[in-house]
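Peer 1: My questions will all concern the structure given below.
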Amino acid sequence: MSKLENYYGKFCEDKRLLSRHGQVEYTTSMKYIHKYLKPEDRILDIGAGTGRYSVALSNEGYQVDAIELVKYNLGVLKAKKSNVKAYQGTALDLSRYQDNTFDITLLFGPMYHLFSYEDKLKALSEAKRVTKKDGIIFVAYVMNEYSVLVHGFRDGHIKESLAAKKLDETFQTQTNIDDLYSYIRLDTINQLNEEVGLERIQIIAADGPSDYMRPILNKMDDETFELFIKYHLATCERQELIGASSHTIDILKK
């Protein structure tokens, strides 16, 4: 918790989502949220961060609750003076809410920072519990291959990562509570869904290659960047590209 607090105390999530690679992720996520939103839907944003999604959806007129673990983030969210009902809490315990409360549940941050399979299972189970029958759950993950390619090969840490057993023989990351992020592959995501009993509607690449291409995106003129977003939205459902995206969003039905 202290490591997360220190990290997010220095890291501006709003600024990240306003960056060019962040705009790709935000635009894509909002497109698919709106695809499944209905008038009068009640939304829960678990791991809401500074409220980039919850405040925007509240400003559209939806009733939004937000749960955020990190006090700093929660303070930034509340300072925006929106109608979001925001509370400090954890994805592992949503006991303040009754079963079958929300039409749409966003689980966009917690799976990045839950390291054990059991904790991921618990967070997904809690999201399912508070979601109405036939409600929709959006779950974001940060993908394994992104970590290996960027931190391992691009940034030159592959040998030390293997020596420290941060990667196994299949190049699956082996992170724990001393690390900041937990990286996952599609087979584990599928296993979690099966064990919790959730039906996948679709899984998408939230940002595709954009995180790998930050310097290139930043140099693009506005017209070319708009074409890149258009390209990404045209390809983000292609299954051959999902696992290489830095972030994915799994869209599930209870």
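The values are calculated or read from the model by the stated rules, or taken from the named source; none is laboratory data. On a predicted model such as this, the values are computed, not experimentally measured, just so you know. Please note: Cβ atoms are built from the backbone with ideal geometry, for glycine as well, and neighbour counts cover all protein chains shown. With ligands, DNA and RNA removed, areas are computed over all heavy atoms of the protein, side chains included. Shrake-Rupley method; radii C 1.70, N 1.55, O 1.52, S 1.80 Å.
Peer 1: Can you show me the helix-derived [θ] at 222 nm for the chain, built from DSSP H runs with n ≥ 4 at -39,500 (n - 2.57) apiece and divided by the number of residues, rounded to the nearest 500.
Peer 2: Details: 13 runs with 112 residues, N = 254.
That comes out to -12000 deg cm²/dmol.
Peer 1: Under a crude label model (7 Å from the Cα following the beta-carbon direction), how far is residue 229 from residue 186 in nanometres?
Peer 2: It is 2.7 nm.
Peer 1: Rank by packing, highest mean first: peptides 169-181, 80-92, 41-53, with packing defined as the count of other Cβ atoms within 10 Å averaged across residues. Display every interim value, and only then the final one.
Peer 2: Numbers: 169-181: 13.2, 80-92: 16.5, 41-53: 24.2.
Packing proxy ranking, top to bottom: 41-53, 80-92, 169-181.
Peer 1: Which of the pairs 31/80; 38/120; 120/165; 81/253 have their Cα atoms more than 25 Å apart in this structure?
Peer 2: Numbers: 31/80 23 Å; 38/120 28 Å; 120/165 22 Å; 81/253 32 Å.
From the list (31/80; 38/120; 120/165; 81/253), the Cα-Cα distance tops 25 Å for 38/120; 81/253.
Peer 1: Taking the Cα centre of the chain as the origin, how large is its charge dipole in debye, to the nearest 20, when only Lys and Arg (+1) and Asp and Glu (-1) carry charge on their Cβ atoms? Present the calculation step by step, with values, prior to reporting the outcome.
Peer 2: On the way: 34 positive and 37 negative charges, 123 e Å.
It comes to approximately 580 debye.
Peer 1: Using Cα centres only, tell me the gap between region 172-233 and region 96-142 in whole Å.
Peer 2: Region 172-233 and region 96-142 have Cα centres separated by 18 Å.
Peer 1: State, to one decimal in nm, how far the label point of residue 79 lies from the label point of residue 56, with both points 7 Å from Cα in the Cβ direction.
Peer 2: Placing both labels 7 Å beyond Cα along the Cβ direction yields 2.1 nm.
Peer 1: Place a +1 charge on the Cβ of each Lys and Arg in region 90-181 and a -1 charge on the Cβ of each Asp and Glu, then give the dipole magnitude about the Cα centre in debye, rounded to the nearest 20.
Peer 2: Values: 11 positive and 14 negative charges, 40 e Å.
Its charge dipole is roughly 200 debye.
Peer 1: Next up: Just the number, please: carbon plus sulfur as a percent of the accessible area of region 193-238, 1.4 Å probe, no ligands or DNA/RNA counted.
Peer 2: Details: 1380 of 2690 Å².
Roughly 51 percent of what the probe reaches on region 193-238 is carbon or sulfur.
Peer 1: Starting from the eigenvalues of the Cα gyration tensor, five times each then square-rooted, give me the equivalent ellipsoid semi-axes of region 109-254, largest first, whole Å. Write out the running numbers ahead of the final one.
Peer 2: Details: eigenvalues 138, 110, 26 Å².
In descending order the semi-axes read 26, 23, 11 Å.
Peer 1: Return the aspartates and glutamates within reach of residue 78: Cα separation strictly under 16 angstrom, same-chain partners fewer than 8 residues apart disregarded; answer none if there are no such residues.
Peer 2: Cα-Cα hits under 16 Å: 13, 14, 45, 65, 68.
Peer 1: If each of residue 171 and residue 100 carries a label point 7 Å out from its Cα toward its Cβ, how far apart are those two points in nm?
Peer 2: 4.7 nm
Peer 1: Leaving out ligands and nucleic acids, and using a 1.4 Å probe, what accessible area per residue does the chain come to in Å²?
Peer 2: Working: 12480 Å² over 254 residues.
Heavy-atom SASA per residue in the chain reads 49 Å².
Peer 1: Determine the share of region 34-131's accessible area contributed by carbon and sulfur atoms, expressed in whole percent, with a 1.4 angstrom probe. Before the final figure, lay out the partial values.
Peer 2: Details: 2050 of 4250 Å².
C and S fraction of accessible area: 48 percent.
Peer 1: Something else about it: If you take every DSSP beta bridge fully contained in the chain, what fraction is antiparallel? Give it as a percent rounded to 5. All intermediate terms of the calculation are to be shown ahead of the outcome.
Peer 2: Details: 15 of 34 bridges.
Given both bridge residues lie in the chain, the antiparallel proportion sits at roughly 45 percent.
Peer 1: So what is the relative contact order of region 109-254, in percent, for Cα pairs below 8 Å that sit 6 or more residues apart? Present the calculation step by step, with values, prior to reporting the outcome.
Peer 2: Working: 204 pairs, mean separation 54.0, N = 146.
Reported relative contact order: 37 percent.
Peer 1: Next question, about the same structure. Work from the charge dipole of the chain (Cβ charges, +1 for Lys and Arg, -1 for Asp and Glu, about the Cα centre) and give the residue of 175, 141, 49 farthest towards its positive end.
Peer 2: Checking the options against the dipole of the chain, the answer is 49.
Peer 1: Treating the chain as a set of equal point scatterers at the Cα positions, no solvent, please give the Debye-formula log₁₀ I(q)/I(0) at q = 0.09, 0.12, 0.17 Å⁻¹.
Peer 2: -0.38, -0.70, -1.48
Peer 1: Kindly list the residues of region 228-243 that lie in the label zone of residue 201, defined by a backbone N under 20 Å from the point 7 Å along the Cα-to-C-beta vector.
Peer 2: 233-239, 242
Peer 1: What do you get for Rg/Rh of region 52-127 when both radii come from the Cα atoms and Rh is the Kirkwood radius? Mind showing how you got there, number by number?
Peer 2: On the way: Rg = 12.7 Å, Rh = 13.2 Å.
Ratio value, two decimals: 0.96.
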